[in-house]
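Take a look at the structure below.
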Amino acid sequence: MTIAIIGGGPAGLMAAEAARAGGAQVDLYDAMPSVGRKFLLAGKGGLNLTHSEPIEPFLARYGARRAQIAPLLAAFGPEALRAWVGEFGIETFVGTSGRVFPKDMKAAPLLRAWLRRLRQAGVNFHIRHRWSGWTEDGGLTFTTPQGVRTVQADAVVLALGGGSWPALGSDGGWVPLLRQRGAVVTPLRPANCGFDVAWTEHFKSKFAGQPVKSVALKILTPTGGECWQQGEFVVTTTGVEGGVIYAMSSLLRDEILAKETATMRLDLAPDRDLSRLTNELSRPRGKRTMATHLDRRVGISGVKAGLLREVVSKEDFTDPAKLAAAIKSLPITLLAPRPLDEAISTAGGVAFEVLDARLMLRDVPGVFCAGEMLDWEAPTGGYLLTACFASGRVAGAGAVEWLKSR
């Protein structure tokens, strides 16, 4: 019973662990010189493994794919993930935002311990093996430094990532290979991404790179409701990026797809109500400049004041009621998401509708899919990694179960 795992990220490594635990001979192939490269990069600012919030709001983070992700997390959810990390002697803690991190915040110790355990369990690793498709008799072909190599396996788990990190191996090159086999693959799109804004030269030369802190971002949902998120973001030369933008990126991206542009509304003073702002701005400013008046009366200065001047007309800037309204709901037009290779993660991928409960392609028996190459997305905060781990575990165990049932 031989199982080939293609892809050495969290989903692939977890699939290898589950398959080996089920008694299979496991060979893992990766295109890069070493495995887990994106995992290591994700841990550079502190490895956010998962989140501590209750399971219902946790599942809501997966939006339209909640129903498909729920059984995966039922098999291996946030608490199971923390317990699994603990098996390596690595303690985790919950940060002030509810995010879960290893105590030392690093990815490398966990990856090293995990790879050591997998090798001791008998998993064989083959690096610099780029998967290039199937032979006519169902063999797997790989491009290697030594030339093309063909491998036979009883089952295969594909964990090839999305398309947002081509330098680390996630380049979406698998899409045409699966489509040739009849699999439905939704086009890959950027997720947790920045957006283009037509800033004036003056604004971007003065404020690019500066964070905009303590704001609330509001957008209208397709059903006519309002969705909002409080946090911060960064002004860039091309537009906007950062935490609160990433959290709303799927809605903003889809609105651009439907309407060609999207409008987000910024509340630049979320801790003050409109009437208070209006009253403060209506006070006489005497000989003070408008910039000083804004700063002293309502605490708006720097990049926030720059955003106001970028959008609000000179006439409305002198009207306290209109200026206050703009502070509470400043419209920013987004023109396009940033390119896929700049995004943190990927939306789109292999449609769940063509997979069974074990994540096997119904029309290609023995081929399983896991991780970010599946058609789902989630915000940052540990949700991405959690679902990657869970789907890998389900696919690896599912491959063993399928082989034993034949």
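The values are calculated or read from the model by the stated rules, or taken from the named source; none is laboratory data. Because the structure is a prediction, the values reported are computed rather than measured. Note that each Cβ is placed from the backbone with ideal geometry, even for glycine, and that neighbours are counted across all protein chains shown.
Can you find even one residue in the range 125-146 that is crowded, with 16+ Cβ neighbours inside 10 Å, among the charged types (D, E, K, R) and over 27 Å from ALA4 (Cα atoms)? No - not one qualifying residue is present in the range 125-146.
Let's see how each residue does on (1) surrounded by 14 or more Cβ atoms within 10 Å (Cβ to Cβ); (2) under 30 Å from MET32 (Cβ atoms):
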| position | (1), (2) |
| --- | --- |
| GLY169 | yes, yes |
| VAL175 | yes, yes |
| ASN192 | yes, yes |
| SER205 | no, no |
| THR221 | no, no |
| GLY225 | no, no |
| GLU241 | yes, yes |
| VAL244 | yes, no |
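Can you name the residue in the range 318-338 that is exposed (fewer than 15 other Cβ atoms within 10 Å of the Cβ) and more than 30 Å from the chain's Cα centre (by Cα) and is also farthest from GLY302 (Cα to Cα) among such residues? Taking the candidates together, the pick is ALA321.
The number of residues in the range 162-177 that are modelled with pLDDT of 95 or more and under 25 Å from ASP254 (Cα atoms) comes to 3. Output yes when any residue across the range 349-367 is of a type outside the set (A, V, I, L, M, F, W, C), assigned to a helix (DSSP H, G or I) and at pLDDT below 95, and no when none is. Checked the range 349-367: no residue is of a type outside the set (A, V, I, L, M, F, W, C), assigned to a helix (DSSP H, G or I) and at pLDDT below 95. Just one of the listed residues (VAL85, VAL100) is β-branched (Val, Ile, Thr) and within 30 Å of ASP254 (Cβ to Cβ), namely VAL100. In the range 68-95, the residues that are touching a residue at least 24 places away in the same chain (Cβ under 8 Å) and β-branched (Val, Ile, Thr) form Cβ pairs under 9 Å with partners that are outside any helix (DSSP H, G or I) and exposed (fewer than 14 other Cβ atoms within 10 Å of the Cβ), at six or more places apart or across chains, as follows: VAL85/GLU91; THR92/LYS103.
Checked against (1) at pLDDT 95 or above; (2) under 20 Å from PRO211 (Cα atoms), VAL298 passes all but a single condition, namely (1). For the range 310-330, the count of residues that are more than 26 Å from LEU220 (Cβ to Cβ), in contact with a strand residue (DSSP E or B) (Cβ under 6 Å, 6 or more places away or on another chain) and assigned to a strand (DSSP E or B) is zero. The set of residues from the range 256-268 being surrounded by fewer than 20 Cβ atoms within 10 Å (Cβ to Cβ) and within 19 Å of SER329 (Cα to Cα) comprises THR261, THR263, ARG265, ASP267. The set of residues in the range 1-49 being under 16 Å from the mean Cα position of the chain (by Cα), part of a loop (DSSP other than H, G, I, E, B) and small (Gly, Ala, Ser) consists of GLY9, GLY43, GLY45, GLY46.
Checked against (1) surrounded by 15 or more Cβ atoms within 10 Å (Cβ to Cβ); (2) under 28 Å from LEU355 (Cα atoms); (3) not aromatic (Phe, Trp, Tyr), PRO102 passes all but condition (2).
Within the range 201-223, residues that are assigned by TED's automatic domain parsing to the domain that holds LEU252 and more than 30 Å from GLY63 (Cβ to Cβ) have Cβ atoms under 8 Å from residues that are part of a strand (DSSP E or B) and modelled with pLDDT under 95 in no pair, counting only partners at least 6 apart in sequence or on another chain.
Quick one: in the range 119-158, which of the residues that are aliphatic (A, V, I, L, M) and within 30 Å of the chain's Cα centre (by Cα) is farthest from GLY172 (Cα to Cα)? It comes out as VAL123.
Among the conditions (1) of a type in the set (A, V, I, L, M, F, W, C); (2) touching a strand residue (DSSP E or B) at 6+ places or on another chain (Cβ under 9 Å); (3) in a helix (DSSP H, G or I), the only one that LEU72 does not satisfy is (2).
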